[in-house]
Amino acid sequence: MKKILLKIAAFIVTFIISALIISSIMNRDVVDEIVKMGDATFPTVAVVHGTREINLMHGYSGEMEKNLIRDSLSPLEKDRSISIRVHTYGSEIESIDYEIRSADALRLVENSELSEYEVDGDDIKARLQIKDLIENDREYILGITLKDKNGKGIYYATRVIYNQNFREDELLEFVKKFSDTTFDKENAKPIVSYLESNSSGDNSNFARVNIHSSFDQITWGSLKVQKPDKVYTKILEMDDSTATIQLSYKVNIPEGDKAVYYNAVEYYRVRYTNKRIYLLDFERNLEQIFDADDTDLYNSDKIYLGITKSDINMYESTDGSMVAFVQNGSLYAFRSVDSRIIKVFSFVDDKKEDERNEFNEHDIKILSVDETGNIQFMVYGYMNRGRHEGEVGVSVYYFNSATNRMEEQVYIPYQRSYEILKSDISRLAYTGGGNELSLYMDGAIYRIDLSGSSAETVAEGLGRDGMVVSDNNRIVAWQSEDGKTIYYLNLNSGKQREITKGNDTTLTPLGFVGEDFVYGVTSTSDYIKNSSGITVRPMNTLYIEDSDGKVLKTYAQNDIYITRAEVNSSEVLLKRIYMVEGSGTYSSVSDDEIVNNLPEEKSKNEILTVAIDNYETVVEIALAQRIKNAVHVVIPEEVMGSDTSLSIPPRTLENNYYVYAKGHIQGIYSTVYEAVGAADSQDGVVIDSEQDYIWKKGNRKTETQIKDIKPLMADGQSTVASALEALMQNAGVSIDAERLLGNGETAMEIIAERIENAKPLNLAGCSLQSVLYYVSQGTPVMATIDENQTVLIIGYDAKNTVIMDPSTGTIYKKGMNDSRSWFETHGNEFVSYIVAEK
């Protein structure tokens, strides 16, 4: 009886909230109008390289922060020209302008209006001749502006680079041939020599295959895949010898008298040498295109999604009777009470195939689903078509199941890239089904009134490590600017509290286990700052509290400190050191963990992976209730009322580190070691906020030694001073390091102030293999062994590192494994730098 009463109460509350939202939508001064999403109208622009089109660009309706749009890299021809093809789709173009800017977009290099171009049907062919004002092997931004007959501008951007040593033609041809060959199993044997098939490759799922998969898996197994008619090619990264290239296409697989379509994306990392081309990495992702009208996809109590990734974006009502899910960038919902499948939102038009509609630079976040069938959701990123065509922004919609209508509640335009927006939205976007949106964007938390389209700032200036959010987005906690206070806010109840532990301590929010909050406490007296400029702030105590502030667990051990904690739903992993209080010296000890033994709450509708013959592994939604009647498809009407636009001025971005891999931001970090570690594991690159390359995977010589560095004896001064002097001399700067260090300056401060355009890097925590990248670039790496010994890494080969050791005044080789162990034992404390491109 108690459970029944609770369900009745929950239904009444849901009904009241829904009624209030519907009332706020209906009671407006402007008469609502039923509208249809407009067709795409913007042209696309492709780079023409030889006989192939590459790097297709989609247009923006306004000026964007081009330095943050790292969509593609276009090598210039030998004469510094670049050819483009404009696909107008019938639009009238009156003029074409272009400009070249520095990689950070701050410096205009040249701009011009194109006076000559050729009209070829619905296409325009043009050649842009770039002046010799650009430097060799340096990235720039090419901005292209098309103006229509009304003078309206449409904006496009790609990175460009000039380097006569590039081998893009050979690498593009290799990638094309490799991909084509996979569709012809009988003649595909030559690709075996490029594969690294082993046990780490998953040969049971076509949704993702890679270089470690078997030959049979890479050549599509027993699937009767038809070779695609059109393939889109994009260069993501390129240097003298290596390139990362993406291919995307649509394929079909016959099933009886019909064809089932799939989206495929391939990633290649390749290296050119005079002898041969090497395939360094390969990955192919496959996703079945969900066809809501295909009745074969609904069976008894399941919805068949086919070959696709298993981490489906799904949200269900409390009783499980209504389930919403996202596939192929579209939002669907299934209502069991009347066997209705609702195509809630999609840019794709089933009646009209258009590559502009299928451009996948947006995502959907489901905010709430209630028992009556109402859905609140967010579309964010690039708007392919409709009234926001060509904009990047955030649009919140409310779908009313009773009227089969949806309406936009708020639209927030955004001037930066979809990738950065996605990273922010993934951290916090919450309504709880109500009229108030809590949103993290550009380092700030906003509270947005959806009924009045107004916003207030809850917190600002939040660093990447200074804020944590529970998995369900209901609770957020952030650190004060001085680190002495944590602010804890329950977005569902509105309850807020402050956590402090005294003036001589700082608090670090670490994460949530479910809704239990994890944070650490550090005594300021335990801060460790060595002469290299690296500061360690070890935590002496870790707390886990429930939502009411009750302490559930306290973790503290004598002379054991926590340097880092990784928190997830099932455990807290602790990285620890041993240090006598106040000593300032420490050594690593084994990791520890705190395990959450509570069972995870299961959904009523479940995502299942099922083995099916030739298809190997497919994904299904196992419904909470059986399908009782024939499934029918419903497409909602969109109602447009008053203007819902809400402008939130962009904030200055913190100096973060962006990890790009496979064409996307894989993470944004506040520390170099986290960024480098992520890029290393994903074969990516690290970029800072000014678009300078901090680190690149694979762009490393097989062996090298910095010959200009000579042995330097620490005679009468510290080894860190001698190592620093050698590093500075290599950069052409002479200093009295002992005096500067004695005056309180750190090595990183000395590097920043005395080497022109230098950006010192705290590489503490990075692996030895990853820091050898800087040595390969001709920059030595300082390594702190202990308070009495600092050395310089100045070279390496396959088996050794080359060390300049001021304690002995010698240069010697040390075995690679011994070197790795030596540095790891002492915390991998490395310092180096890059020189910014200005």
Q: Net charge near residue 622: determine it from the other residues with C-beta under 14 Å of the C-beta of residue 622, scoring Lys and Arg +1 and Asp and Glu -1.
A: 0
(Q) Explain nothing, just compute: Karplus ³J(HN,Hα) = 6.51 cos²θ - 1.76 cosθ + 1.60, θ = phi - 60°, for every residue of the stretch 606-621 in order, whole Hz, x for Gly and Pro. (A) 10, 8, 10, 10, 10, 7, 9, 5, 4, 7, 6, 10, 10, 10, 9, 9
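When Lys and Arg each count +1 and Asp and Glu each count -1, what net charge do the other residues less than 13 Å away from residue 410, Cβ to Cβ, add up to?
In short, -4.
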Q. Once fully extended, how much extra length lies between residue 573 and residue 360, figured as 0.36 nm per residue of separation less the alpha-carbon to alpha-carbon distance?
A. 73.1 nm
Q | Whether the chain is rounded, prolate or oblate, judged on the alpha carbon gyration tensor where a/c under 1.5 counts as rounded | A | oblate
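What Kirkwood radius, in Å to one decimal, follows from the Cα pairs of the stretch 722-788? Could you put the intermediate results ahead of the total?
Values: mean 1/r = 0.0782 Å⁻¹.
So the Kirkwood estimate lands at 12.8 Å.
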Q: Please give the calculated 222 nm ellipticity per residue for the chain, where each DSSP H segment of at least 4 residues contributes -39500 (n - 2.57) and the sum is spread over every residue; nearest 500 deg cm²/dmol?
A: -4000 deg cm²/dmol
Q. Arranged from highest to lowest average of other beta-carbon atoms within 10 Å per residue, in what order do the peptides 296-303, 140-147 appear?
A. 140-147, 296-303
Q | Net charge of Cβ neighbours under 13 Å - reference residue 353; Lys, Arg +1; Asp, Glu -1 | A | -2
Q: Post the alpha-carbon centroid distance, the stretch 132-202 to the stretch 296-342, in whole angstrom.
A: 36 Å
Q: Would you mind classifying the stretch 402-518 by shape? Square roots of the alpha carbon gyration tensor eigenvalues, ordered a ≥ b ≥ c; an a/c under 1.5 is rounded, otherwise it is prolate if a/b is larger than b/c and oblate if not.
A: prolate
Q. Roughly speaking, what is the stretch gain from residue 65 to residue 835, that is 0.36 nm per residue apart minus the C-alpha to C-alpha distance, in nm to one decimal?
A. 274.9 nm
Q. HN-Hα J couplings of the stretch 632-646 from phi, Karplus 6.51/-1.76/1.60, θ = phi - 60°, integer Hz, Gly and Pro as x?
A. 10, 8, 10, 10, x, 8, 9, 9, 10, x, 6, 4, 9, 5, 9
Q: Would you mind checking which residues have amide H under 5 Å from residue 764's amide H? H placed 1.01 Å from N; only 5 or more apart, or other chain.
A: 830
Q. So what is the relative contact order for the stretch 336-425, in percent, with contacts set as C-alpha pairs under 8 Å and at least six apart?
A. 21 percent
Q.
Among 463-471, 727-735, how do they line up by average Cβ neighbours within 10 Å per residue, starting with the highest?
A. 463-471, 727-735
Q: Between residue 77 and residue 97, with labels modelled 7 Å along Cα→Cβ, what's the label distance in nm to one decimal, could you check?
A: 2.5 nm
(Q) Could you tell me how far the Cα centroid of the stretch 539-567 sits from the Cα centroid of the stretch 583-645, in Å? (A) 29 Å
**Q.** Subset of 604/628; 36/66; 365/422; 224/258; 422/697 violating a 21 Å alpha-carbon distance limit
**A.** 36/66; 422/697
Q | Virtual paramagnetic centre 7 Å along Cα→Cβ of residue 613, amide N under 12 Å, in the stretch 254-297 | A | 255-256
Q: With a ≥ b ≥ c taken as the square roots of the eigenvalues of the C-alpha gyration tensor of the stretch 173-250, please select rounded if a/c is under 1.5 and otherwise prolate if a/b is larger than b/c or oblate if it is not?
A: oblate
Q: List, in order, the whole-Hz ³J(HN,Hα) value for each residue of the stretch 124-131 obtained from phi through the Karplus relation with A = 6.51, B = -1.76, C = 1.60 and θ = phi - 60°; use x for Gly and Pro.
A: 10, 10, 8, 10, 9, 9, 8, 5
Q: Give me the distance between the Cα centres of the stretch 743-810 and the stretch 380-421, rounded to whole Å.
A: 48 Å
Q) What percent do you get for the relative contact order of the chain when only Cα pairs under 8 Å and 6+ apart count? A) 9 percent
Q) Considering the zone a paramagnetic label at residue 138 would reach in this model (a point 7 Å from Cα along the Cα-to-Cβ line), which residues of the stretch 757-776 have amide N under 15 Å from it? A) 757-758
Q | Extended-chain gain in nm, criterion 0.36 nm per residue less alpha-carbon gap, residue 35 and residue 296 | A | 90.8 nm
Q.
Quick query: amide H of residue 74 versus all other amide H atoms, modeled in the peptide plane; which residues come in under 5 Å with a sequence gap of 5 or more or a different chain?
A. 159, 160, 161
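From the gyration tensor of the Cα coordinates in the stretch 496-653, what semi-axes in whole Å does the equivalent ellipsoid have, largest first, with each one equal to sqrt(5λ)?
46, 25, 18
Could you state the orientation-averaged shadow area of the convex hull built on the Cα atoms of the stretch 460-574, in nm² to one decimal?
Averaged projected area of the stretch 460-574's Cα convex hull equals 7.8 nm².
Every number here is computed from the coordinates shown, using simple stated rules; none is lab data. The shown structure was predicted, so the numbers you read here are calculated from the model rather than taken from an experiment. We place every Cβ from the backbone using ideal geometry, glycine too, and count neighbours over all the protein chains shown.
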